[in-house]
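The values are calculated or read from the model by the stated rules, or taken from the named source; none is laboratory data. Note that the structure is a prediction, hence the values are computed from the model and not measured. Here the Cβ positions follow ideal geometry from the backbone for every residue, glycine too, while neighbour counts run over all protein chains shown.
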Amino acid sequence: MRTFFLLIFILLQGCSILFSQDIDYARKTINILAAPEMHGRGYVNKGDSLASAFLASEMQQIGLKSFKNSFFQPFNLSVNTLPGNLSLKADGKTLSPCDDYIVYTPSAAIKGTYPVVHISAKTSLKKINKLMKKGLTGKALLIDQRKHDEKTKEIFENARFYNLFKSEANLFLVNKKNPLSWGVYGSHLLLDFASIEIRDSALKKIPKKIELDIESRYFKQYATRNVVGYIEGSQYPDSFFVFTAHYDHLGRMGRDNLFPGAHDNASGTAMLLDLATYYINNRPPYSVAFIATAAEEAGLLGARHYVENPLFPLSNIKFLINLDMVSTGEEGMMVVNGEVFTKQYETLCSINTTGNYLPAIKSRGEAANSDHYPFYVKGVPCFYFYTLGGYSQYHNIYDIEKTLPMTAYNNMFRLVVRFVEQLSKNTD
């Protein structure tokens, strides 16, 4: 581990320049955060702790100040993990995790071979109810979700997280392209069965038997932490502009299956640090805080914890910008809350038109889809920026640094800086 952090130090020396927007620094930061040694910045092997330690070290090296003598804001969450063995065989054929199937994070540990009971939209509701009443102890239920009707839709969906059939495992046959997307939302639960999604092309026919070996480990109180630093404003130190970016990702699904999370959201975290370097070298009139949040993928938990335990009054925030997935930009940028804070959105569009930074600035209304939302609910004016086009890897094992286009990184950086400059003038 000492060797790994020495490598980090060497890589990042000399990467910052006066007007940062340093794509080399950003790529190196993304490469570090998405490295196998970070374990996907999840909860297996304390990947989140390794990432947060790196971020705190970077904030200190950049020259940010900390609140309460620490860059860390700790909190606990309940989380289930899949840290070890993870295998699935259908009639003796070994399927490939992540490409052929995913195991839902709340799944219970399971090991054994189970006969398969198969149901689909063609199965009568009478038979489905009979199976639920009788139970499928010692068996695996395979639910064909490629087609469904209204009478079965709710039952099939609920079976993902509720053991309606009292089975050992529920498997869901889906028609999805490779690769499958995974997630950790709902990981605070611990089911009493395994819940698994299987891509239909992985099976030539409905199997008679399923062999499973899945290890899980549940943490009632898992310790994680936000990482927070700030620059004191030269004229208005008690008023803040805030940048947020979640540094966590999905971690590992089994011992050997890493979700690197380069685009989501090592890219936003890298821009957050890059902006910190810029503002250190160009001290702003207002204070600027940088919040790298934890546990966003588990339900915006880091941001929710922060707004309930703010390190300075939320009412002192002039505006907040959340950066989540910013490594593309061929088609421009989306602004969540652009239809809410229309004056600020018009300002952003005007700056973009004048500077010709991005090909398009699109807007949408409020959405609880990233860490800006808990702040928005508390009355903080905010935008969530994410880039558009040029990349399709999302919540899968192929979201890696070397394939990120970074097409609009420099121009988006400049646009963000100019936008904050203009908002500062508007609120002086």
Does Gly112 meet the test of being out of contact with any Ser or Thr (no Cβ under 7 Å at 6 or more places or on another chain), assigned to a loop (DSSP other than H, G, I, E, B) and of a type in the set (Gly, Ala, Ser)? no
Restricting segment 211-229 to residues that are part of a strand (DSSP E or B) and among the polar types (S, T, N, Q), which is nearest to Leu141 (Cα to Cα)? Gln221
Go through (1) surrounded by fewer than 20 Cβ atoms within 10 Å (Cβ to Cβ); (2) out of contact with any helix residue (DSSP H, G or I) (no Cβ under 7 Å at 6 or more places or on another chain); (3) aliphatic (A, V, I, L, M) for Ala289 and report which single condition fails. (1)
Could you tell me whether any residue of segment 50-71 is in contact (Cβ under 8 Å) with a residue 24 or more places away in the chain, over 21 Å from Tyr222 (Cα atoms) and β-branched (Val, Ile, Thr)? yes
How many residues does segment 349-362 hold that are over 25 Å from the mean Cα position of the chain (by Cα), closer than 19 Å to Asn322 by Cβ and not in a loop (DSSP other than H, G, I, E, B)? 3
Checked segment 132-156 for anything assigned to a loop (DSSP other than H, G, I, E, B), at pLDDT 95 or above and not charged (D, E, K, R); matches are Gly135, Leu136, Thr137, Gly138
What are the residues in segment 30-44 that are part of a helix (DSSP H, G or I) and touching a Gly at 6+ places or on another chain (Cβ under 8 Å), if any? Leu33, Met38, His39, Gly40, Arg41, Val44
Does segment 99-113 contain any residue that is among the acidic types (Asp, Glu), surrounded by 19 or more Cβ atoms within 10 Å (Cβ to Cβ), under 23 Å from Gly183 (Cα atoms) and not assigned by TED's automatic domain parsing to the domain that holds Gly299? yes
Candidates Gly355, Gly390, Gly379, Gly365, filtered to the one that is closer than 30 Å to Pro179 by Cβ and surrounded by fewer than 16 Cβ atoms within 10 Å (Cβ to Cβ): Gly390
Restricted to segment 90-109 and to residues being part of a strand (DSSP E or B) and hydrophobic (A, V, I, L, M, F, W, C), the residue farthest from Phe172 (Cα to Cα) is Ala90
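Okay, residues lined up against (1) surrounded by fewer than 19 Cβ atoms within 10 Å (Cβ to Cβ); (2) touching a residue at least 12 places away in the same chain (Cβ under 8 Å); (3) not assigned by TED's automatic domain parsing to the domain that holds Val416:
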| residue | (1), (2), (3) |
| --- | --- |
| Leu180 | no, yes, yes |
| Ile198 | no, yes, yes |
| Leu203 | yes, yes, yes |
| Arg225 | no, yes, no |
| Tyr230 | no, yes, no |
| Ser239 | yes, yes, no |
| Thr244 | no, yes, no |
Note on Lys205: of the conditions (1) out of contact with any Ser or Thr (no Cβ under 7 Å at 6 or more places or on another chain); (2) assigned to a strand (DSSP E or B); (3) among the charged types (D, E, K, R), unmet is (2)
Condition check: in contact (Cβ under 8 Å) with a residue 24 or more places away in the chain, in a helix (DSSP H, G or I) and either in contact with a helix residue (DSSP H, G or I) (Cβ under 7 Å, 6 or more places away or on another chain) or more than 23 Å from Thr269 (Cβ to Cβ) (or both). Does Val417 satisfy that? yes
Any residue in segment 156-170 that is in the same structural domain as Asp144 (by TED's automatic domain parsing) and of a type in the set (Phe, Trp, Tyr) sitting within a Cβ distance under 7 Å of a residue that is surrounded by fewer than 18 Cβ atoms within 10 Å (Cβ to Cβ) and not in a loop (DSSP other than H, G, I, E, B)? List the pairs, counting only those 6 or more apart or interchain. Phe165/Met132
